[in-house]
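As structure tokens, the structure follows; a few thoughts come after it.
Every number here is computed from the coordinates shown, using simple stated rules; none is lab data. These figures come from a predicted structure and were not determined experimentally. Every residue, glycine among them, receives a Cβ derived from its backbone with ideal geometry; neighbour counts consider all protein chains shown.
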Amino acid sequence: MATYAIGDIQGCYKSLQRLLDRIAFAPRSDTLWLVGDLVNRGPDSLLTLRFLQSLGSSVRPVLGNHDLFLLAAAEGIVTLRPKDTIQDVLNADDCSDLINWLRRQPLQQREGSFFMVHAGLHPRWTIEQAMSLAKEVEGVLAGPDYKTLLQELFHGPTRQWDPAATGMERLVSIARVFTRLRTISLTGEISSFSGPPEDAPPGFMPWFRIPDRRSNEGIIITGHWAALGLHIEPNLLAIDSGCVWGRQLTAVRLEDRAVYQVEYADRRD
């Protein structure tokens, strides 16, 4: 029995299958923790979602920004861009079933000392606080008001985290931290920067570099930041190694931190 955390798949179904072969994944005994961005930009979002849904309780994903984009696209809230590759999901006969499964996935997973989110944690949040905040958003995504939340997330003002905020403003700011955070200022302002950490804008730094970060008590697992690449510290496993950009898909076995990687395998002939 083993638990493997896997980086951003983004519809790279062939790469995922190669990685599962590499780790000799056994669905009846092993568990996959998926760091989000299950779909989009890779060629096989539909196959990926169908496969992951079929694994039942042996897969434990969190939602990433591309997953939320798919949810919004399915409701006509956003328009597909040239690089988006989720039309296969939207055209599928089982689209409704897949979307309902996806929107009921959490923003966080926790077991023992491990805590997984897609992008990062606000430095002012403890893990306990982050769990509580995530559940606020998860409850709305799984409920009847999820379209309103997605509308505000993709078309409303850019929200910074403010503990005094209420309503949709609060929910949007929470979702933004969990699914989009990379760099942040000492005053708590989140930037949209996505490049290498050494090129971060003046005054901004990786969220996990903020002094006195309050989530230091756990081991945080994240993805989202392909330009950071595989980055492992005692209390951090950042595992987006840029598969969809032609690099590697990464798995880390949580029991001993063994790292497994396969090269991008989704090129079309």
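If each residue's Cβ is checked for other Cβ atoms within 10 Å, how do Lys83, Lys135 rank with the fewest at the top? Walk me through the intermediate numbers first.
Working: Lys83 7, Lys135 14.
Ascending Cβ contact count within 10 Å gives the list Lys83, Lys135.
In whole percent, what relative contact order does the stretch 82-152 give with Cα contacts below 8 Å and a gap of six or more residues? Spell out each step's value before the answer.
Numbers: 31 pairs, mean separation 18.7, N = 71.
In percent, rounded to a whole number, it is 26.
For Met168, Met1, what ranking results if the residue with the fewest other Cβ atoms within 10 Å of its Cβ goes first? Present the calculation step by step, with values, prior to reporting the outcome.
Values: Met168 17, Met1 8.
If I rank by nearby Cβ atoms, fewest first, I get Met1, Met168.
Mind listing the long-range amide H neighbours of Gly64? Cut-off is under 5 Å, sequence gap 5 or more, other chains count too, H placed in the peptide plane at 1.01 Å from N.
For Gly64, the qualifying residues are Asp37, Leu38.
Shape verdict for the stretch 1-88, please, from the Cα gyration tensor: rounded (a/c under 1.5), prolate (a/b greater than b/c) or oblate. Walk me through the intermediate numbers first.
Details: a/c = 2.51, a/b = 1.96, b/c = 1.28.
The shape class here is prolate.
Can you tell me which lysines have their Cα less than 24 Å from the Cα of Lys135? Leave out same-chain residues fewer than eight positions away.
Lys147
Work through the residues other than Asp94 whose Cβ is under 12 Å from its Cβ and net out their charges, Lys, Arg +1 and Asp, Glu -1. Could you put the intermediate results ahead of the total?
Working: positive: Arg50; negative: Asp88, Asp93, Asp97.
Value of the local net charge: -2.
Could you quote the convex hull projected area for the stretch 62-124, Cα atoms only and averaged over all directions, in nm²?
Numbers: hull surface 23.3 nm².
Taking a quarter of the hull surface, the average projection is 5.8 nm².
Around Leu55, with a cut-off of 14 angstrom between Cβ atoms, what is the net charge of the other residues, counting Lys and Arg +1 and Asp and Glu -1?
Taking every Cβ under 14 Å from that of Leu55, the sum is +2.
Relative to 2.2 N^0.38 Å, what does the C-alpha radius of gyration of the stretch 3-263 come to as a ratio? Two decimals please. All intermediate terms of the calculation are to be shown ahead of the outcome.
On the way: Rg = 17.1 Å, N = 261, 2.2 N^0.38 = 18.2 Å.
The stretch 3-263 yields a ratio of 0.94.
Over the chain, with a Gaussian network built from C-alpha contacts below 10 Å, which listed residue (Asn216, Asn40, Asn65) shows the highest mean-square fluctuation?
Asn216
When only alpha-carbon atoms count, how far does the stretch 70-181 stretch along each of its three principal axes, as whole angstroms with the largest first?
Computed over the stretch 70-181, the largest-to-smallest principal extents equal 41, 34, 29 Å.
Which residue fluctuates the most in the chain, going by a Gaussian network model with Cα springs under 10 Å, if the choices are Trp245, Trp161, Trp33?
The residue with the greatest mean-square fluctuation here is Trp245.
Excluding Asn235 itself, calculate the net charge of residues whose Cβ lies under 13 Å from the Cβ of Asn235, where each Lys or Arg counts +1 and each Asp or Glu counts -1.
Working: positive: Arg209, Arg213, Arg214, Arg257; negative: Glu217, Glu233.
Value of the local net charge: +2.
Cut-off 10 angstrom, C-alpha nodes, Gaussian network model of the chain. Which of Ala130, Ala175, Ala165 fluctuates the most?
Greatest mean-square fluctuation among the candidates belongs to Ala165.
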